[in-house]
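The values are calculated or read from the model by the stated rules, or taken from the named source; none is laboratory data. Worth saying up front: this structure is predicted, and the values here are computed from it rather than measured. No Cβ is skipped: glycine too gets one built from the backbone with ideal geometry, and neighbour counts run over all protein chains shown. For the accessible areas, the whole protein counts, side chains as well, though only heavy atoms, and no ligand, DNA or RNA atoms are used. Shrake-Rupley method; radii C 1.70, N 1.55, O 1.52, S 1.80 Å.
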Amino acid sequence: MATLKVSVGDQDHIQGNVKAACTLVEYGDYECPHCGAAYPLVKQIQRHFGSKLRFIFRNFPLTNIHANAQAAAEVAEFAGSKGQFWEMHDLLFENQDRLGNALFVELAQELKIDATELQKALDNKTFEAHVRADFSGGVRSGVNGTPTFFIDNQRHDGPMDYSTIVAKIEQALAS
C-alpha cells in the first residue's frame, strides 16, 4: 500500500482539530467531477468525526484534461494567503461547473478579496510553485488520479463511499 511521502506541515491548509487523532489528506482537482462528488462526502465525514479528524486538501490539478484546474488551485492558494482558503475551496467546488476567470473574480468579490490583486497573482503565477509542490508530493506518494485519499499516511485504495471511508477512519482511530 502506498504511503504519504510529504508529511503534513506548515505548508498545508488544515481544517479541524490540528491535534486530531486521525488525519485525512485529499489530493484533488477543483475541476474533476469525481472530486466534486467527493466534496459533500468529505463534509459528511468531517461532521461524523468532529474533533477526532483533521482534513488537509492538497492540489493535484489534472491539467491535461481540466483546463481550469491549475488556475482554480492558484485561486484557492491566493485566498489562503488572505486567510480564506477553506471558504474559497468550498465555493470552487460548489460552483465547479462555472470555473473560469469570471467566476474567480465573482468569488473573490464575494469573499471581499481584491479581484485585481487576484488577477495579478494569476498573471504572475505567484502560487504556481506551491501547487506544483503539492502535485509533486502527490506523485511521490503514488497519486495518479483524483480524488486520492490518505488516512493516517496510508493511501485509501478501496471504494469511495461514506461507510467504507468511515470504517477505515474508525480502524485508524482504534489502532
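Taking the condition in a strand (DSSP E or B), over 16 Å from MET88 (Cα atoms) and open to solvent by 10 Å² or more (accessible area, probe 1.4 Å), does ARG47 pass? Taking the combined requirement at face value, the residue does not satisfy it.
For the range 85-105, which positions are in a loop (DSSP other than H, G, I, E, B) and among the polar types (S, T, N, Q)? I'd like the intermediate steps shown before the answer.
Keep residues of the range 85-105 that are in a loop (DSSP other than H, G, I, E, B), which gives 95, 99-100.
Once the filter is applied, which keeps residues that are in a loop (DSSP other than H, G, I, E, B) and among the polar types (S, T, N, Q), the range 85-105 yields only ASN95.
THR63 meets all of the listed conditions (1) more than 21 Å from ARG98 (Cα to Cα); (2) among the β-branched types (Val, Ile, Thr); (3) not in a helix (DSSP H, G or I) but one, namely (1). Would you check if PHE85 is in contact with a Lys or Arg (Cβ under 9 Å, 6 or more places away or on another chain), of a type in the set (Phe, Trp, Tyr) and surrounded by 13 or more Cβ atoms within 10 Å (Cβ to Cβ)? Spelling it out, it is not the case that PHE85 is in contact with a Lys or Arg (Cβ under 9 Å, 6 or more places away or on another chain), of a type in the set (Phe, Trp, Tyr) and surrounded by 13 or more Cβ atoms within 10 Å (Cβ to Cβ).
Residue by residue, here is whether (1) touching a Gly at 6+ places or on another chain (Cβ under 7 Å); (2) surrounded by fewer than 21 Cβ atoms within 10 Å (Cβ to Cβ); (3) among the basic types (Lys, Arg) holds:
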| position | (1), (2), (3) |
| --- | --- |
| ASP29 | no, no, no |
| ARG58 | yes, no, yes |
| ASN64 | no, yes, no |
| ASN68 | yes, no, no |
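In this structure, is LEU53 under 18 Å from GLN15 (Cβ atoms), surrounded by 15 or more Cβ atoms within 10 Å (Cβ to Cβ) and touching a helix residue (DSSP H, G or I) at 6+ places or on another chain (Cβ under 7 Å)?
Details: under 18 Å from GLN15 (Cβ atoms): yes; surrounded by 15 or more Cβ atoms within 10 Å (Cβ to Cβ): yes; touching a helix residue (DSSP H, G or I) at 6+ places or on another chain (Cβ under 7 Å): yes.
For LEU53, the condition - under 18 Å from GLN15 (Cβ atoms), surrounded by 15 or more Cβ atoms within 10 Å (Cβ to Cβ) and touching a helix residue (DSSP H, G or I) at 6+ places or on another chain (Cβ under 7 Å) - is met.
For (1) outside any strand (DSSP E or B); (2) free of Cβ contacts under 8 Å to residues at least 24 places away in the same chain, each residue gets a yes or a no:
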| residue | (1), (2) |
| --- | --- |
| PHE57 | no, no |
| ALA72 | yes, no |
| VAL75 | yes, no |
| GLY83 | yes, yes |
| LEU107 | yes, no |
| THR116 | yes, yes |
| GLN119 | yes, yes |
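Take ARG155 and decide whether it is out of contact with any strand residue (DSSP E or B) (no Cβ under 7 Å at 6 or more places or on another chain), open to solvent by 50 Å² or more (accessible area, probe 1.4 Å) and modelled with pLDDT of 95 or more. The answer is no for ARG155. Close Cβ contacts (under 7 Å, 6 or more residues apart or on different chains) running from residues in the range 31-55 that are more than 20 Å from ALA21 (Cβ to Cβ) to residues that are among the aromatic types (Phe, Trp, Tyr) and outside any helix (DSSP H, G or I) are absent. Exactly one residue out of LEU107, LEU173, LEU118, LEU91 is modelled with pLDDT of 95 or more, over 24 Å from PRO33 (Cβ atoms) and crowded, with 20+ Cβ neighbours inside 10 Å, and it is LEU118.
Residues in the range 123-137 that are more than 19 Å from VAL25 (Cβ to Cβ) and among the aliphatic types (A, V, I, L, M): ALA129 alone.
Which of the residues spanning the range 1-37 are part of a helix (DSSP H, G or I) and out of contact with any strand residue (DSSP E or B) (no Cβ under 7 Å at 6 or more places or on another chain)?
Let us first name the residues in the range 1-37 that are part of a helix (DSSP H, G or I), namely 33-37.
Hits for the range 1-37 are PRO33, HIS34, GLY36, ALA37.
Looking at ALA38, ALA73, which one is surrounded by 16 or more Cβ atoms within 10 Å (Cβ to Cβ), closer than 17 Å to ARG132 by Cα and small (Gly, Ala, Ser)? Give the derivation first.
Numbers: ALA38 fails: closer than 17 Å to ARG132 by Cα.
After ruling out the rest, the residue left standing is ALA73.
Quick one: CYS22 ticks every box in (1) open to solvent by 30 Å² or more (accessible area, probe 1.4 Å); (2) modelled with pLDDT of 95 or more bar one, so which box is it? So CYS22 meets the others, but not (1).
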